[in-house]
């Protein structure tokens, strides 16, 4: 699945202008709209208008290689679980979203959970993402989407994962967050993992000093804008050179390889087993171990001398 959409220079500028216009409109939307709390804000027409620009980035900037899409059934509800990479730009997420729409079209229901703080600090981006199918990270919303027969994409590691230090780039790091397992058990859906190679090198995270700042906050230091960032990375990347904090970034043009892995199915499902802490831990470890094995295999494909 490595289809390359031809792009003329004129069409690239046109699609970039459309993207800018849509971003501006989303930025100017009323504050109480496109909040990520409704499943009905998703707009297939907006998605179709964005795809040409994202397609150019896919083909020429990141030169994406992708595989494993045969692991996704053509219909039915799904829980897609990803390893998050590359700072706020999260390039592998956007590229895999593009592949999803190429394969399944814009009308198949699909939603992605996003950190609620994005609506506070980057409202224009968050509102535009809402029109693409992004919703707030809340179990009731995810459950409602699954009950509509949708695919739901979750990155359990969240901000800690997307800003994990560079030396951890080949590790699955969900920070102990097990809510997605409970959701899968309750709604009786398989888990399909998303992984990638290269995306975490589109910026270089040197360290996360959030624990130290959290101690200072307890001693009286206020958070900027009264928003607890949850992470505070120091990273090398564009456009800042060196950045302090979870600032937006322009990803470096690193070649990406994304992969959809075989489904993970648990031995038991149901509301009662979702309340069994030991069984939830067992399922969580199963997902993490399986995804780590797949990620190790992907890294080995690229980093083993031929």
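The values are calculated or read from the model by the stated rules, or taken from the named source; none is laboratory data. Quantities reported herein were computed from a predicted structural model and do not represent experimental measurements. Counting neighbours? That spans all protein chains shown, and the Cβs are built from the backbone with ideal geometry, glycine included.
Candidates are the residues of the range 219-235 that are in contact with a strand residue (DSSP E or B) (Cβ under 7 Å, 6 or more places away or on another chain) and not in a loop (DSSP other than H, G, I, E, B); the one that is surrounded by the fewest Cβ atoms within 10 Å (Cβ to Cβ) is 234. Within the range 39-57, the set of residues being surrounded by 14 or more Cβ atoms within 10 Å (Cβ to Cβ) and assigned to a loop (DSSP other than H, G, I, E, B) comprises 39, 41, 42, 43. Is it the case, given these coordinates, that residue 130 is buried (at least 23 other Cβ atoms within 10 Å of the Cβ), in contact with a strand residue (DSSP E or B) (Cβ under 6 Å, 6 or more places away or on another chain) and more than 17 Å from residue 193 (Cβ to Cβ)? No.
Only helices (runs of 4 or more DSSP H) whose full extent lies in the range 113-175 are considered here, and the ones with at least 1 residues that are on the phi > 0 side of the Ramachandran plot and modelled with pLDDT under 95 are 158-162.
Look at the range 282-306: where a residue is closer than 12 Å to residue 171 by Cα, no partner that is at pLDDT below 95 and part of a helix (DSSP H, G or I) sits 6+ places away or on another chain with Cβ atoms under 7 Å.
Does the range 186-218 hold any residues that are in contact with a strand residue (DSSP E or B) (Cβ under 9 Å, 6 or more places away or on another chain) and under 30 Å from residue 73 (Cα atoms), and which are they?
187, 189, 190, 191, 192, 193, 194, 195, 196, 197, 198, 199
Checked against the criteria, residue 209 does not count as within 21 Å of the chain's Cα centre (by Cα) and touching a residue at least 12 places away in the same chain (Cβ under 8 Å). Checked against (1) outside any strand (DSSP E or B); (2) farther than 20 Å from residue 143 by Cβ; (3) out of contact with any helix residue (DSSP H, G or I) (no Cβ under 6 Å at 6 or more places or on another chain), residue 206 meets all criteria but (1). Of all residues in the range 15-34, at least one satisfies being part of a loop (DSSP other than H, G, I, E, B) and surrounded by 16 or more Cβ atoms within 10 Å (Cβ to Cβ).
How many of the residues making up the range 68-97 are on the phi > 0 side of the Ramachandran plot and either under 9 Å from the mean Cα position of the chain (by Cα) or assigned to a helix (DSSP H, G or I) (or both)?
Qualifying residue count, the range 68-97: 2.
Tell me, please, whether a residue that is in contact with a strand residue (DSSP E or B) (Cβ under 9 Å, 6 or more places away or on another chain), farther than 25 Å from residue 165 by Cα, loosely packed, with under 14 Cβ neighbours inside 10 Å and modelled with pLDDT of 95 or more can be found in the range 272-288. There is no residue in the range 272-288 that is in contact with a strand residue (DSSP E or B) (Cβ under 9 Å, 6 or more places away or on another chain), farther than 25 Å from residue 165 by Cα, loosely packed, with under 14 Cβ neighbours inside 10 Å and modelled with pLDDT of 95 or more.
I'm trying to understand the selection: among the residues of the range 58-69, which are surrounded by fewer than 20 Cβ atoms within 10 Å (Cβ to Cβ) and free of Cβ contacts under 8 Å to residues at least 60 places away in the same chain? Residues satisfying the conditions are 59, 60. Of all residues in the range 98-112, those being farther than 27 Å from residue 28 by Cβ and in a helix (DSSP H, G or I) number 5. A count restricted to the range 175-193 and to residues that are buried (at least 22 other Cβ atoms within 10 Å of the Cβ) and either farther than 16 Å from residue 273 by Cα or under 15 Å from the mean Cα position of the chain (by Cα) (or both) stands at 3. Scanning the range 236-259 for residues that are assigned to a strand (DSSP E or B) and either over 19 Å from the mean Cα position of the chain (by Cα) or exposed (fewer than 15 other Cβ atoms within 10 Å of the Cβ) (or both) yields 236, 237, 238, 241, 242, 243, 244, 250.
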